[in-house]
Amino acid sequence: MTPEDFQKVFPFVRDWISQTLAAHAPKAKSVASFNFPRLSRYYSNDLLARAKVVFVDRCPVPPPSSIGLGQFADFENMNASGITYLDTYFVLWHEAERESLHFHELVHVVQWQLLGAEHFLALYADGFEKHGYRNSPLEVMAYDHEARFNSNAPPYSVEAEVRQQLQQL
Ligand SMILES: [Zn+2]
């Protein structure tokens, strides 16, 4: 996707995100309110208080067909366990208690926050197009941190490390 194409599509995606988050806002709860035992070893209390979760039967994704992004049809059909927009992530009900999934989506919250919406979406779309979902750089980062979490890594600041890693992208 060229930068020009991205610029055409970005306003639609941005508006879709605003509308989607507004529609789900009444059901959104802070991550902190769930008192997961391990997240606070890797994320600041501030982030856990600001980041929000919504449990859903199906994760909402932008309708790419309606905005002319045929190459992103895969994304629409992925049926993800979790997905993050800005400071809010959606998780399937039956995965609601999987702490590592919350951990993974929080990496994306940090990425959204540090990059800003436009840059996050441009990088994500580019990585997805070139490398596919699992090998796109922003997902590789999230999966690598998740693997450290799952191997009981000693506490560290995900926010600080992601900040450094984004500078190197
Ligand atoms: Zn992810």
Förster radius 30 Å - calculated FRET efficiency between F10 and R148, Cβ distance, rounded to 0.05: 0.40
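Want the number for D126 to E99: 0.36 nm per residue separation, take away the alpha-carbon distance, what's left?
Between D126 and E99, full extension yields an extra 6.9 nm.
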Listed residues Q164, A25, L123: farthest to the positive end of the dipole of the chain (Cβ charges): A25
Relative contact order of the chain, pairs being alpha-carbon contacts under 8 Å that are 6 or more residues apart, as %: 22
Rounded to 10°, Cα long-axis angle of helix 99-115 versus longest principal axis of the chain: 60
Helix 117-135 vs. the chain, principal-axis angle (Cα, 0 to 90°, nearest 10): 90
Between helix 3-24 and the chain: long-axis angle, C-alpha atoms, 0 to 90°, nearest 10: 50
Pairwise Cα inverse-distance average, inverted: Kirkwood Rh of the chain (Å): 16.4
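No value in this document is a laboratory result; all are computed from the given coordinates. Note that the structure is predicted; figures quoted are calculated from it, not measured. Because the Cβ atoms are built from the backbone with ideal geometry, glycine has one as well, and the counts that use them run over all protein chains shown.
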